[in-house]
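Okay, structure first, notes after.
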Amino acid sequence: MTEAVSRREARRQAVVLLYQRDVTGLPLPELRENGERAGDYAGDPYSDALVAAVDGDLTSLDERITSAAKGWTADRMAPLERNILRVATYEMGAGEVPAPVAIDEAVEMTKKWCAAEAPAFVNGVLGRIARDGGEAAA
């Protein structure tokens, strides 16, 4: 039986799995198994639900991100930033997590793992998505 993790940790795990899939092209179940074996993935239900939901809605999420990302398309973004944005955009759109919380969590992850200019970029994109009610306009 796996031990429950915080929502923050579940988001981190979801972002890491989605990022790894983008970079390696390996299937999510294989990446999840590898993470469990290495002790990097706890198999938390919230993390699993985020991965499944984001994976099942990539086209729509990427369209919303691209629409809000002034001069950028989701496919041109660094894989880590793109997956942080995907998870936060999904959470805001699903209505379970208030936009300020989703944005703050995404910016904090970006500060830890990404280039110095990435947090401001992520904050701006998610802010535009939130202002447009989860559906960014062009």
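The values are calculated or read from the model by the stated rules, or taken from the named source; none is laboratory data. Remember, it's a predicted structure, so these values are computed and weren't measured experimentally. Here Cβ is always computed from backbone atoms with ideal geometry, including for glycine, and neighbour counts include all displayed protein chains.
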Determine, yes or no, whether residue 85 is under 21 Å from residue 129 (Cα atoms) and not acidic (Asp, Glu). yes
Filter region 73-87 for residues that are without any contact (Cβ under 8 Å) to a residue 40 or more places away in the chain and not β-branched (Val, Ile, Thr) and give the result. 74, 75, 76, 77
Exclusive hit being over 15 Å from residue 54 (Cβ atoms) and touching a residue at least 60 places away in the same chain (Cβ under 8 Å), set 132, 104: 132
If residue 134 satisfies every condition in (1) assigned to a helix (DSSP H, G or I); (2) surrounded by fewer than 20 Cβ atoms within 10 Å (Cβ to Cβ); (3) of a type outside the set (A, V, I, L, M); (4) at pLDDT below 95 but one, which is the exception? (1)
In region 1-10, the residues that are assigned to a helix (DSSP H, G or I) and acidic (Asp, Glu): 9
Quick test of your reading of the structure: residue 120 fulfils all but one of (1) of a type in the set (A, V, I, L, M, F, W, C); (2) within 17 Å of residue 73 (Cα to Cα); (3) surrounded by 15 or more Cβ atoms within 10 Å (Cβ to Cβ). Name the failing condition by number. (3)
Which residues, counting only those in region 103-117, are crowded, with 19+ Cβ neighbours inside 10 Å and either at positive phi or touching a Leu at 6+ places or on another chain (Cβ under 7 Å) (or both)? 103, 106
Report whether or not residue 61 is over 16 Å from residue 127 (Cα atoms) and at pLDDT 95 or above. no
Test residue 85 against the criterion of being under 18 Å from residue 10 (Cα atoms), out of contact with any Asp or Glu (no Cβ under 8 Å at 6 or more places or on another chain) and either surrounded by 15 or more Cβ atoms within 10 Å (Cβ to Cβ) or of a type in the set (Phe, Trp, Tyr) (or both), and give yes or no. yes
For residues in region 59-81 being crowded, with 24+ Cβ neighbours inside 10 Å and not hydrophobic (A, V, I, L, M, F, W, C), which is farthest from residue 115 (Cα to Cα)? 64
Residues that are of a type in the set (Val, Ile, Thr) and under 14 Å from residue 82 (Cα atoms): does region 17-33 have at least one? yes
